[in-house]
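Written out below as structure tokens is the structure these notes cover.
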4 protein chains.
Amino acid sequence: MRLGMRFFSDNAAPAHPKVLEAIAAANRLDTAYDGDEWSSRLDGSFSELFGTEVRAFWVTTGTAANCLALAALCPPYRAILCHKDAHIEVDEAGAPGFFTGGAKLILLDGEGAKITTAALAEACDAIRPDVHQVQPAAVSITNATEYGLVYRAGEVSEIGKFAKERSLAFHMDGARLANALVSTGESLADMSWRAGVDALSFGFVKNGGLNAEALILFRTDLADEIAVRRKRAGHLLSKGRYLAAQLLAMLDGDLWLENARSANAAAQSLATAAPNRLLYPVEANEVFLKVTPEDAERLRQLGFDFYDWGPGEIRFVTSWDQQGEALDRLASAIAAL
Amino acid sequence: MRLGMRFFSDNAAPAHPKVLEAIAAANRLDTAYDGDEWSSRLDGSFSELFGTEVRAFWVTTGTAANCLALAALCPPYRAILCHKDAHIEVDEAGAPGFFTGGAKLILLDGEGAKITTAALAEACDAIRPDVHQVQPAAVSITNATEYGLVYRAGEVSEIGKFAKERSLAFHMDGARLANALVSTGESLADMSWRAGVDALSFGFVKNGGLNAEALILFRTDLADEIAVRRKRAGHLLSKGRYLAAQLLAMLDGDLWLENARSANAAAQSLATAAPNRLLYPVEANEVFLKVTPEDAERLRQLGFDFYDWGPGEIRFVTSWDQQGEALDRLASAIAAL
Amino acid sequence: MRLGMRFFSDNAAPAHPKVLEAIAAANRLDTAYDGDEWSSRLDGSFSELFGTEVRAFWVTTGTAANCLALAALCPPYRAILCHKDAHIEVDEAGAPGFFTGGAKLILLDGEGAKITTAALAEACDAIRPDVHQVQPAAVSITNATEYGLVYRAGEVSEIGKFAKERSLAFHMDGARLANALVSTGESLADMSWRAGVDALSFGFVKNGGLNAEALILFRTDLADEIAVRRKRAGHLLSKGRYLAAQLLAMLDGDLWLENARSANAAAQSLATAAPNRLLYPVEANEVFLKVTPEDAERLRQLGFDFYDWGPGEIRFVTSWDQQGEALDRLASAIAAL
Amino acid sequence: MRLGMRFFSDNAAPAHPKVLEAIAAANRLDTAYDGDEWSSRLDGSFSELFGTEVRAFWVTTGTAANCLALAALCPPYRAILCHKDAHIEVDEAGAPGFFTGGAKLILLDGEGAKITTAALAEACDAIRPDVHQVQPAAVSITNATEYGLVYRAGEVSEIGKFAKERSLAFHMDGARLANALVSTGESLADMSWRAGVDALSFGFVKNGGLNAEALILFRTDLADEIAVRRKRAGHLLSKGRYLAAQLLAMLDGDLWLENARSANAAAQSLATAAPNRLLYPVEANEVFLKVTPEDAERLRQLGFDFYDWGPGEIRFVTSWDQQGEALDRLASAIAAL
């Protein structure tokens, strides 16, 4: 199989050349940990980007970003409300339990991995407010979702309002937030802090980064705790400048938006090739198709790689670098099924 | 201050150009996590290097390597014997407590951060073998130590023998193992698995790496657990090939030994400049000096950066890239105090 | 309300007079913790009772018994399969997460809080065997269940066989095991170790005890770990003899079976009063009825206390001491609704 | 050996008859957990006793009281300052690590297990205020200490003042607080909340109780968290009234003070028998003697039981019920050595 024909996840894509250049440019002696000049610029750069004061921390994985945030937002003896297909439940090896010291995930249903305030209310109302049942402390949503759907800013804001009413903290797993934003055309501010989000896992690795994600705190009072928790979890790299430099390169000239646009456009190419096969509307850079085993086999024989999602379901994820021939060939092959 | 005049830690040094080249060479689409071709070569390459079958895991920090290993070697309700100045006790924000779920560190004295079997025996014998006192499960040593001293293979082997007799697991924090090895001229095998070490944190970042360390398991039966714990701690990077490629570049042509020789030689230059001021023999790449406050101030005025270790004590750490003018000037300045 | 008219839980009933007598008889100076003569007899007495060698530990709550066992049977990074209405999930404040260090509960459906091997298989088969998803390590069932249903020995044995095939440990929450046993007429051995149970929380407090439960280990190799975990969790009482004496008093002359028979008979009295209102067959000492709000109100006006289980559902739990007038009046009142 | 001749610990003594009577009097149906009439009276009774509003929780062990309090006072990523011989460090199987989720104990020296503000200040000042070193969050002292010494109210107050200045929470392990109080003649208020104590483990089991200790919160804002943590740790007994009744019986007519006076008087009898052999002044109910192996052997041959503390050191602990013949014979035997 040729590598350009891999569509199983955006987390395997190469890093953008500008990211590599930024790493090379940072390759000189500086201060260790996050005292270097690149790391020192993060708070300012992200505050400017969001239009409000934030604290920004580099980490190397979305799991670390998600779970450091959740540990600060939820004590060990309480719970986090999330979708039953949320990445934190399904694909992080129980990391929330580890980082929080045993907090529970309360799992909600919802189409396309989206949760609604109705589902949240139902779950909360079913919990007796006593010491025997675990009380919720936080809500976590993923945008774009694990099925490639997008919460619009208004939807996020409704959840934020609900969270506030119930005294719940609000976390967003934004591993593919860039894809959600370019899809909706809404602003980063409206999608996050103006909608009541307290902490955001802001993904860059799936979007052309090499190994730097950002944990953004709108509740800046949590920064000291997060700084300690990051170190304690082994996530304070000694040469942090190589992470900070990646993030700054991604922000520079809105590379992060440009990359997301490319990935989303690629997904649309695939979606339009087989509109009747779509399991979910394609709103970001993931395409789920209904296929027969023979269909799937045929695409594999043509050299394409993708994920078997469930019986008769396959998933394609497009990346920032997937334009051109391989994409066209895949679209044609899907159309021809 | 000019950056070349920083001597406060080897963990701030730049990455070796070959490491950057390796990262660039890995910058193409491949499988996520550790399924890529570079990661797949690690077990074989390190097994060859050690002359025995090992399992090798990339992680981004020494803290992660140390604490993942300790969590697998020590249950939450037991203890790890280590020096009171060990990095895991002093400089990791309590990470062993986090990763193990609350295991205890039992702290030993010992010259230059080295522990002896006598100290280990004394500590173990003082513990009543009942449920009220925490029973030890593991020993952890650092080589080279936090004071730049070196355990020779024979010393490690004695501790290994003690550990075996007492049914204790044996971990080595080898953040500067390369420096210890080139100092003693002993073999990697003699210094590790032949001496009874079960798990080794094999440091590369302080030795010219960018952000990849290796956790080496001689007890290969622990590999499945470590793999899960690494993911659960947020340390399974999605683009792991950039870490694996760094490690392979360091092993290639024994770059790791060459870099350590450079750093050690630089430390010897400083040591010979002021033999009477040395707090400890200089056996690796750290130099601790007794100075007056005025001495320290004078060195700073000349542009040198270093660590205030304690009253009247300063520390210089040399790196793989520190040869030439800045080093000579520092040696002269020290000699002139 | 007269106290004899409380039917909301067997865990509020008084202790049997023989239990109090045993406590009084143990009220003399002896050795602390579990070195006393009463505690020393537990292993022998319970081994005889079960017809196999067991290790028996007193604890003061079912939560402690359940969670100490689960912590020994499931590492922090794996999961326990149980019913979604299991006490460990619903009524223990997240204690399994605390004791295990963050292990996950995987929740199964099943009529009357019973789980089947089919449900277990479906849940296990849905988990990808990789490091991203939490792998199961144990199964826990409750007998009698939270809805007063009973697993027969053959059903337990099927689950035990499944557990063995999948390398899962097997725990039974037997808070009301006595009620299950007298209901089925089956033997303690068939219901536990012969059916593959590794650890049993053997309830006595709901059955006439004061504050002593027993944790029974059929896997006696876990005893040392459990002993340490019990101490570490603050559950090693210094005057343990008062707990051991209670357990011995309950075993003496099969008081535990006699008490369970009384409670079950009381439940049958209620069940026969309104056979058409039963939500579940009454197999132990719990009676769930469908009622209108007016019905419930009427029973309360008559002085009876019970639990509102859900909309239109109420729960009565009968205790060892509930015979006679209050019971008859409740049965009549139910019949008259 | 006759049981009356056991002097190895006050935690093995019988319960006072009034405690047993109170248990028997509580033996009727009531509400489960802590909703019963006895439990409901605890807050009021202890508030009256302390002369300020407190929240009072029954638990069954000092370990539970200590560690529930510490978990609420110290986050997982910080540390508790205590004496190196403190019970929480030496005799609780690492329970603080378990309850807090991995917080660290920072161990201080000090004569007779007492710590001073000077020692506290030295320990705090040695910690770099960065993310690499674990920052202290709380101080814990034991009164009377593990060596039977007593902090006077003024000393406690000094530590309380230090704690406040450094923003540290302040916990007192009062397993033998009654003995300390009757020794000093000072008031409970002066010894606790007026001296800045935030949470107190108030011991009753060593002082004639059966299995009920009290956790007293002067920071009443922590009560909700403690209530949840107690349940989650398996320490919310379903028939809590038997614990509450014990505590109320101990307070009734100041039985707790009377018992402590008896125990202290017994210790004084022993102390005056061999003033030159005392390792520490006898200020509460513990007597540490310097003896030869032959001395110890001789006392054992006479039928006395005690603890070998260290080489040439033995410990006697006296209890509320030790007056009369056995005590006199022991005093004589000691005098005759």
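The values are calculated or read from the model by the stated rules, or taken from the named source; none is laboratory data. This structure is a prediction, so every number in the text was calculated from the model and none was measured. Glycine gets a Cβ as well: all are built from the backbone with ideal geometry, and neighbour counts include every protein chain shown. Just the protein is used for accessible areas: all its heavy atoms, side chains included, with ligands, DNA and RNA removed. Shrake-Rupley method; radii C 1.70, N 1.55, O 1.52, S 1.80 Å.
Descriptive notes on the structure:
- Part-to-part distance (alpha-carbon centres) for region D:3-51 and region B:191-217, which is given in Å: 56 Å
- The residues of region D:109-136 listed by number as losing at least 20 Å² of accessible area in the complex, against the isolated chain and with a 1.4 Å probe, are D:128, D:131, D:132, D:133, D:134.
- Other residues within the sphere of radius under 10 Å centred on the Cβ of residue C:228, judged by their own Cβ, net out at +2 (K and R +1, D and E -1).
- Within 10 Å of each Cβ in D:237-244, the average number of Cβ atoms from other chains: 6
- As a calculated quantity, the FRET efficiency between residue D:294 and residue C:323 at R0 = 56 Å, using C-beta atoms, amounts to about 0.30.
- Fraction of the pair-distance distribution of region D:57-146 above 16 Å, Cα-Cα pairs, percent: 52 percent
- Solvent-accessible area, 1.4 Å probe, carbon plus sulfur percent, for region D:188-244: 39 percent
- Cα-centred dipole magnitude for region C:105-222, charges only on beta-carbon of K, R (+1) and D, E (-1), debye, nearest 20: 220 debye
- Length-normalised contact order of region A:126-182 in % [C-alpha pairs under 8 Å, at least 6 apart]: 44 percent
- Theoretical FRET efficiency, 1/(1+(r/R0)^6), r = Cβ-Cβ of residue D:128 and residue D:52, R0 35 Å, to 0.05: 0.40
- Coarse-grained scattering of the protein assembly as shown at q = 0.07 Å⁻¹, given as base-10 log I(q)/I(0) from a Debye sum over alpha-carbon atoms: -0.78
- Extension gain for residue C:309-residue C:21 works out to 100.1 nm (0.36 nm per residue, less the C-alpha to C-alpha distance).
- Spatially close Lys pairs in region B:87-225, defined by Cα atoms under 22 Å apart and a spacing of eight or more places or different chains, total 5.
- With the convex hull drawn over the C-alpha atoms of chain D, the volume per residue is 131 Å³.
- Area hidden from solvent between D and C (accessible, protein heavy atoms only, 1.4 Å, total, Å²): 4200 Å²
- For region A:1-103, the relative contact order works out to 18 percent when only alpha carbon pairs closer than 8 Å and six or more residues apart are counted.
- For the protein assembly as shown, calculated [θ]222 nm from helices alone, where every DSSP H run of n ≥ 4 adds -39500 (n - 2.57): -11500 deg cm²/dmol
- Protection proxy ranking of D:45-52, B:103-110, by the mean of other Cβ atoms within 10 Å over each peptide's residues and highest first, is B:103-110, D:45-52.
- Per-peptide average of other Cβ atoms within 10 Å, ordering D:27-39, B:244-256, C:61-73, D:121-133 highest first: C:61-73, B:244-256, D:27-39, D:121-133
- Pairwise FRET efficiency - residue B:189 versus residue B:258, Cβ, R0 = 30 Å, nearest 0.05: 0.95
- Remark on region C:67-83: accessible area falls by at least 20 square angstrom from chain-alone to full-complex state for C:76, C:77, probe 1.4 angstrom.
- Accessible area per residue for region B:1-92, computed on protein heavy atoms with a 1.4 Å probe, is 32 Å².
- Region B:112-256, accessible area per residue, ligands and nucleic acids excluded (1.4 Å, Å²): 28 Å²
- The charge dipole of region B:54-175, taken about its Cα centre with unit charges on the Cβ atoms of Lys, Arg (+1), Asp and Glu (-1) only, comes to about 440 debye.
- Working from Cα pairs under 8 Å separated by at least six residues, relative contact order for chain C is 25 percent.
- Averaged over peptide B:23-34, the number of partner chain Cβ atoms lying within 10 Å of each residue's Cβ comes to 6.
- Relative to one another, the C-alpha centroids of region B:88-129 and region B:147-170 are positioned 14 Å apart.
- ³J(HN,Hα), Karplus 6.51/-1.76/1.60, whole Hz, each residue of region B:210-226, x for Gly, Pro: 9, 8, 10, 10, 10, 9, 9, 9, 7, 7, 5, 5, 8, 4, 4, 5, 5
- For the segment B:254-263, counting C-beta atoms of other chains within 10 Å of every residue's C-beta and taking the mean gives 0.
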